[in-house]
Amino acid sequence: MKDALAALADAAMKCAPGTLNEKALEGSFVKPLDANKPVVMEEYDPNKPDQFDDIYGNSIDVKVTRPAEQPQILFVDFHFEIQCGFDSLLLAYEFRDGSWHRILRWESPTYDEIGGAFGDFFDYVVFPQTDSKDLFVAVAHGHPWCSSNMSAFDLDILQPVRDGTPQQVLFHKKTIYSRANYPIFHKMKAKPDGFELRLEAYSMDMNIVFRPVIYSYRVSNNQFVRVQPIAMNGRDFVDEWLQAPWSEVKDWSDPASLPALESAYKRIAALEDPKAKSRPEFEYGPVRPCSDSPAHFQVEFDEDWSTTGRQRPATTEYFQILQGKNSFTMAGVSATPDSRCKGADIMPRQ
């Protein structure tokens, strides 16, 4: 089916002019595919015969876009229904030497469970390399599922076909995200030196449950570095600091405190390990401003073992963070509060 959709797009682009109107092209796909039909919510009627639901490939949607920053590039984006979600096919074409050339085809590999599809959400941006004339395409997508608000998402940075070299995956990230409030907290955009993706993640504190998280990447010399901002507030910064890979976390930390911070990071990561025999419940306590600097805040982090059946006292860590311009720095961690941090709790429980 994906081969047929790609062949249709290739045929449409074969003789298309460089001044092609993307909406006109999109419209040319609608009739033969019976695509872009409005969603109709049907009420259940026990007297009606069974409907043909959950048919693979039902209800095709197609979108054609031309990035304002890269007008020589045209994207053709197909979505089609599968059970509990949709799958996607993304094609990109570049106009050069008087005709359109396909430079990208991105789709899910063969799968036997719906979680293998590229759906749930599907977004992409194109941006130039800062040190060459080549382009990158960043693609983010979830994985459909029928039962849980938790799923995984993939983030890939692709190098389109260039000078006879096939497309390449230059960067891949896979991690957990929350589907509960999508698309309220979902946004992807290109930046001058990279791109940014915003989603919701799960907090280590299950009383908070969800929190916004920012995946911002700077790209240079084929290096992809996650940079700040990573969170919307100091407590969420601590939460992301504790859950992101240490290779990223150390760049958001005070170099003078790295040994102690790495020790605390690894200790908490071991407690959070799904393979651990017993895991505490984590809870964030007060977030307090400190008197030595308006940029200094203290975030309390508690470990409760009472629900595990183990006779182990509760443990509290106090994280010291410094707020900068659109950033935070992890400055220190200790088992006792900083005497300078006695301000009122600025993030009290609701």
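The values are calculated or read from the model by the stated rules, or taken from the named source; none is laboratory data. Just so it is clear, the structure is predicted and the values come from calculations on it, not from any experiment. Neighbour counts run over all protein chains shown; Cβ positions are idealised from the backbone, glycine included.
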Worksheet item: Limited to segment 55-89, what total is found for residues that are closer than 30 Å to Trp145 by Cβ, of a type in the set (A, V, I, L, M, F, W, C) and either more than 21 Å from the chain's Cα centre (by Cα) or surrounded by 21 or more Cβ atoms within 10 Å (Cβ to Cβ) (or both)?
Response: 10
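So, in segment 214-228, how many residues would count as being modelled with pLDDT of 90 or more, out of contact with any Leu (no Cβ under 6 Å at 6 or more places or on another chain) and either assigned to a strand (DSSP E or B) or farther than 29 Å from Pro348 by Cβ (or both)?
8
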Discussion item. Can you tell me which condition Phe121 does not meet? The list is (1) in a loop (DSSP other than H, G, I, E, B); (2) modelled with pLDDT of 90 or more, and all the others hold.
Written reply: (1)
Discussion item. Looking at Pro71, Pro17 in this structure, which one is part of a loop (DSSP other than H, G, I, E, B) and either closer than 22 Å to Ala140 by Cα or touching a Lys or Arg at 6+ places or on another chain (Cβ under 7 Å) (or both)?
Written reply: Pro71
Fill in: Scope segment 256-275; condition among the aliphatic types (A, V, I, L, M) and under 27 Å from the mean Cα position of the chain (by Cα); matching residues
Leu261, Ala264, Ile268, Ala269, Ala270, Leu271
Worksheet, complete the sentence: When (1) at pLDDT 95 or above; (2) exposed (fewer than 14 other Cβ atoms within 10 Å of the Cβ) are applied to Tyr284, the one that fails is (2)
Worksheet item: Lys275: at pLDDT below 95, of a type in the set (D, E, K, R) and out of contact with any strand residue (DSSP E or B) (no Cβ under 6 Å at 6 or more places or on another chain), yes or no?
Response: yes
Response to the item:
Flagged pairs (Cβ under 7 angstrom, 6 or more apart or on separate chains; first in segment 2-27, at positive phi and free of Cβ contacts under 8 Å to residues at least 40 places away in the same chain; second of a type in the set (Gly, Ala, Ser) and surrounded by 14 or more Cβ atoms within 10 Å (Cβ to Cβ)) are none
Item to complete: Within segment 140-198, work out how many residues are modelled with pLDDT under 90, more than 9 Å from the chain's Cα centre (by Cα), part of a loop (DSSP other than H, G, I, E, B) and not hydroxyl-bearing (Ser, Thr, Tyr).
Response: 13
